[in-house]
Each structure stands twice: as structure tokens, then as C-alpha cells.
Amino acid sequence: MSHTILLFGITKDIIGGSVHETGNAFTTVGELRRHLYNIYPQLEKLNSLMIAVNNNYANDDDRLQSSDEIALIPPVSGG
Amino acid sequence: MKASIYIAETINTTDVITAISKPEYGAVDVFIGTVRNHTQGKKVIKLFFECYEPMALLEMQKIADEAKERFAIQEIIIHHATGEKYPGELAVVIAVAAHRRKAAFEACEFAIDTLKQTVPIWKKEFFEDGSVWVAAHP
């Protein structure tokens, strides 16, 4: 099982493309975060990196389901 | 009439003001955010606004709901632009209607301050010598 992660803003430039396939499944948001930091250390240099699950900001201990819509939210700058 | 929470390539100040102006309200406060042609001493050629639209709409709705809970206001409209924008063009329009002005001013400031912190929209600035995602790095 794999998760498809939607990418926005600078995370598109760092990872390349508009989605990232994790290749395997993660139980929690925190596990996914550590996986991404391992492969793409530049993500850790950002001012912040939130992870959204089903259109809501998630905490690292939130659990992931295979059907979840997951997105990386680098520092926002609208307005 | 467009929705009170709305994201599109093109937004329009007059649409927003017309939609919110009603005889029972004594005060309408409007914040208009436009593209500035310079930042930190550098000339800005254009901006690109990227948006995670379904989540951005939800977060904008949360701001509207919270503004109505916290301030004595009657209505709030938040429209945000996406895509390529040039200096002087609209980025965001927020309008708040209330019976009295103080609540309208306060709710409008709360809305734009919170939008800048929570709504998943990203601004890329283009200069003569390159481009940068705003606020990404320390």
C-alpha cells in the first residue's frame, strides 16, 4: 500500500512534480513526516511544514487511512 | 451572485461591496489586498498564487464563522484570487457588514490576519533576476 501526497508551493520544487507516491503505508502523520524528511532533507529547512489530512491540519500522532487525502502545506502566504 | 466564500482567477471589488450593502447595516468595512510592485527594495514583476482550493475554501469558511462568533457583525464576504497577478491587481477582497463600525473594523482585521496564517494559498514573487516562494525559508 502507498499514500499519494499532494504537493504545493515550494514542496513541489523540492520533491519534483505535484504528487509524491510514498511506496509504502504509514500508520501516523509523524511517521510519514519522518519518511519525507529522510528522503528530502530540504523539507526540514522550511519555516514550517504542516500536513493536511482530508482538508484539515493534522497532528503528528493522528492516524492515517489508505483512503485519506494527504497534502503537504509549506508556510502559507496568501492575502 | 457569487458565494460569500469564493476563489477564482478574477475577483471584483464592486461585486463584493454590492453583495454586502443592505439598508439594515450601518457599516461596511472593506479590505482590498493588491499586488505590490516592490518588496524589500526589489522590483516585483508579477506574482503567482497557488491554491489548495477545497481546503482553502474550508479554512476561509472557518474564518467567516469565527468572525461572526467573536464580533457583532451581520455578514462577511471573503474572495481570493489565484493564478498570475501583476502589480496593482487584486489579490484578496474582504468585506464585513455590521450595525456599527467598530465591530466591522475589528472583524475585517481579524479575517485578513488569520487568512495570512491559515489559508493554504502560496505566493511566488517574480523579480527581474529570479523568483521565490514567499515565507518558505527563515
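The values are calculated or read from the model by the stated rules, or taken from the named source; none is laboratory data. Nothing here was measured: the structure is a model prediction, and the numbers come from that model. Reconstructed Cβ throughout: ideal geometry from the backbone, glycine too, with neighbour counts over all protein chains shown. Surface accessibility is based on the protein's heavy atoms, side chains included, excluding ligands, DNA and RNA. Shrake-Rupley method; radii C 1.70, N 1.55, O 1.52, S 1.80 Å.
Listing for the model above:
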{"item": "Cα-only Debye scattering, the protein assembly as shown: base-10 log of I(q)/I(0) at q = 0.11, 0.15 Å⁻¹", "result": "-0.59, -0.98"}
{"item": "Solvent exposure of region A:1-75 as accessible area per residue, Å², 1.4 Å probe", "result": "49"}
{"item": "Residues along region B:16-62 losing 50 Å² or more of accessible surface when the other protein chains are present rather than the chain by itself (probe 1.4 Å)", "result": "B:E50, B:Y52, B:M55"}
{"item": "Estimated FRET transfer efficiency when R0 is 30 angstrom, pair A:D13-A:R34 (beta carbons, to 0.05)", "result": "0.90"}
{"item": "For region B:108-132 versus region A:21-52, the gap between their alpha-carbon centres in whole angstrom", "result": "23"}
{"item": "Radius 14 Å from Cβ of B:M55, net charge of other residues (Lys, Arg +1; Asp, Glu -1)", "result": "-4"}
{"item": "Chain B - percent of accessible surface contributed by carbon and sulfur, probe 1.4 Å", "result": "50"}
{"item": "Heavy-atom accessible area, 1.4 Å probe, ligands and nucleic acids excluded: residues of region A:50-79 down by at least 50 Å² from chain alone", "result": "A:N55, A:Y57, A:V76, A:S77, A:G78, A:G79"}
{"item": "Dipole magnitude of chain A about its Cα centre (Cβ charges: Lys, Arg +1; Asp, Glu -1), debye to nearest 20", "result": "180"}
{"item": "For the pair A and B, total buried accessible area rounded to nearest 100 Å², probe 1.4 Å", "result": "2100"}
{"item": "Within straight-line cross-link reach of B:K22, aspartates and glutamates at Cα separation under 15 Å, skipping those fewer than 8 residues along the same chain", "result": "B:E75"}
{"item": "Qualifying aspartates and glutamates (Cα of each under 17 Å from Cα of B:K43; at least 8 residues distant if same chain)", "result": "B:E84, B:E89, B:E125, B:E128, B:D129"}
{"item": "Student exercise, the protein assembly as shown dipole from Lys, Arg, Asp, Glu Cβ charges, in Debye to nearest 20", "result": "540"}
{"item": "At least 50 Å² accessible surface lost relative to isolated chain, residues of region B:101-121 (1.4 Å probe)", "result": "B:K116"}
{"item": "Fluctuation leader among B:G26, B:G41, B:G88 - chain B, Gaussian network, Cα springs under 10 angstrom", "result": "B:G41"}
{"item": "Region A:4-73: C-alpha gyration tensor shape, a/c 1.5 cut-off, then a/b vs b/c", "result": "rounded"}
{"item": "Average Cα contact separation per residue, chain A, under 8 Å, 6 or more apart, as relative contact order %", "result": "38"}
{"item": "24 Å Cα-Cα threshold exceeded, pairs from B:K62/B:K102; A:K45/B:K124; B:K102/B:K124; B:K46/B:K68; A:K12/A:K45", "result": "B:K102/B:K124; B:K46/B:K68"}
{"item": "Accessible area per residue in Å² at 1.4 Å probe, computed on region B:1-92", "result": "52"}
